[in-house]
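To start, the structure itself, in structure tokens.
The values are calculated or read from the model by the stated rules, or taken from the named source; none is laboratory data. Keep in mind it's a predicted model, so treat the numbers as computed, not measured. All Cβ positions, glycine included, derive from the backbone under ideal geometry; neighbour counts span all protein chains shown.
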Amino acid sequence: MACSDGWNYDTELYGRSIVSDGALWEPSCQARLQINTDGDHHHRIPGIVFRGAQLPPMVLLFEYLIPKHRAIVGNIPGVMFSLGLMVMSGLAYLVRDWRQFHALLMAPTIIVMGFIWLQPESVRWLLSQGKYEEAEKCMQKVAKFNGVKDFPSPALKLANRNLEETEVDTKDKNSGGSITQLFKPPTLAVTLITSWLWITYTLVYFGFALTTGTLAGDPYLNFFLSSLVELPARIVPLFIIKRFGRLIPLISILVSSGVCMIAIIVVPDDVAGGWLKTSLALLGKFLIVCAFSAINLANTELFPTTLRTVGMGFAQLIGNLGSILSPILIYLDKFVPDLSFMIMTASAFLAAFLCLYLPETKNTVQPETPEDLQILFDSKTLFSRLRKTQPPHDDVSISTNQSKMEEKLEENMTNEEGPNENTMNGINDEHINEGGGGGENAGFEEDTNM
């Protein structure tokens, strides 16, 4: 997986849970140093670790879900994030001593440390590495927790199939997990476009966040309102994306946010006592957070299983450029008025245009290999659907894979309702291939992640 600072770990040796567990322990240990020293380096380390801790849990979450549940469940972390910001604004108003304030912020990490004994490993990842017995134990553990009795043993049945075919398939999948594979077609298009989507999101989001203190009104109230608008912004897209897919809502939201920023540039600061511009800024914050849900979900659903963690990590790593540039752009507003909003507007419009080249992932199984991703590009992009004809495939293996993916899609769409059985069926129908495993929350739409 590519962490936020660019490091990698061996995906053949370490799974999804070990990194997120370790990353949540470190801030708890580092908090005491932060409170008792003014050293800036003690504040950088938890920031780096926290950024790296955000990705593995999302990958783990989406690899346990079937398509119809990704939108709702995948947005829960974002809702908690918004609630945390609202609580933080209240704490900042009540507790003015920075050490006491910091201690209160770090206290919840003590509770999170206990999650290491509760969080199961990704069954999809275990199957992709040929660890069938461990995968079986994880599935039985989840089934027991959900109250499902006499759950079958799909992982062990899979292990009893043609072992030679399984070993070859697993070897091929593992060999494709290198970061260099991100820059080869068809994954290259996903890497470049999702990276720009993350840059746009972080640039616009932090652009609005950093200008909150300059808006008319009380700064504490403005921060609270800015955090409050994120809550509906994480809930509303659930229904829109589930109904209309990932791309159309994402494009519409990005264009709307661009129009909103143009209005902010045009409206004078003194109109309605400054509250009109404040309202437009809150609307812009609402729109860009809506985009996060779609970006995050599409991110997890587009990268193949063999490249999902490293691909999502790389895209979010590049996306940090937006958060780095946003304060610089706001500073440049002193020399060129509204320069930051001009650049943010252009970035949003460009991101909306690039989405036209991505495939729609609504009600599709997550691609397990680059070949599966190519099938999505050939049949699910907006341009290919406008042509109304699917291009022929010369590669017999791709045609075979497409048939398998269509069969699994039919099974997913005909599954009976029920959170417990559907969650476990998702492991069967989506995540287990005939030759091996594989398999967010990206991702990812949600139907990123703010």
### Summary
A careful count of residues in the stretch 54-66 that are surrounded by 23 or more Cβ atoms within 10 Å (Cβ to Cβ) and modelled with pLDDT under 70 gives 1
### Flag for T389 being surrounded by fewer than 21 Cβ atoms within 10 Å (Cβ to Cβ), of a type in the set (V, I, T) and either at pLDDT below 65 or under 24 Å from K242 (Cβ atoms) (or both)
yes
### Task
Inspect all residues belonging to the stretch 221-235 and state whether any of them is closer than 24 Å to L85 by Cα, in contact with a Phe, Trp or Tyr (Cβ under 8 Å, 6 or more places away or on another chain) and surrounded by fewer than 22 Cβ atoms within 10 Å (Cβ to Cβ).
yes
## Note on the structure
Residue pairs within 6 Å by beta carbon, gap of at least six or interchain, first lying in the stretch 122-143 and under 15 Å from L60 (Cβ atoms), second assigned to a loop (DSSP other than H, G, I, E, B) and of a type in the set (D, E, K, R), listed first then second, are C138/E121
### Query
Does G213 satisfy the criteria of being surrounded by fewer than 16 Cβ atoms within 10 Å (Cβ to Cβ) and either modelled with pLDDT under 65 or touching a helix residue (DSSP H, G or I) at 6+ places or on another chain (Cβ under 6 Å) (or both)?
yes
#### Entry: Number of the condition not met by M261 [criteria: (1) out of contact with any Leu (no Cβ under 8 Å at 6 or more places or on another chain); (2) on the phi > 0 side of the Ramachandran plot]
(2)
### Task
Please go through the stretch 210-228 and pick out each residue that is farther than 17 Å from G78 by Cα and hydroxyl-bearing (S, T, Y).
T211, T212, T214, Y220
### Task
Any residue in the stretch 232-252 that's over 22 Å from I193 (Cβ atoms): show its pairings with residues that are of a type in the set (D, E) and surrounded by fewer than 23 Cβ atoms within 10 Å (Cβ to Cβ) at Cβ separation under 8 Å, as long as the two are six or more apart or on different chains.
none
### Summary
Of the residues in the stretch 215-226, those that are under 11 Å from A281 (Cα atoms) and in a helix (DSSP H, G or I) number 3
### Message
Can you confirm whether P186 is surrounded by fewer than 16 Cβ atoms within 10 Å (Cβ to Cβ), in contact with a helix residue (DSSP H, G or I) (Cβ under 7 Å, 6 or more places away or on another chain), more than 15 Å from L283 (Cα to Cα) and of a type outside the set (F, W, Y)?
### Response
no
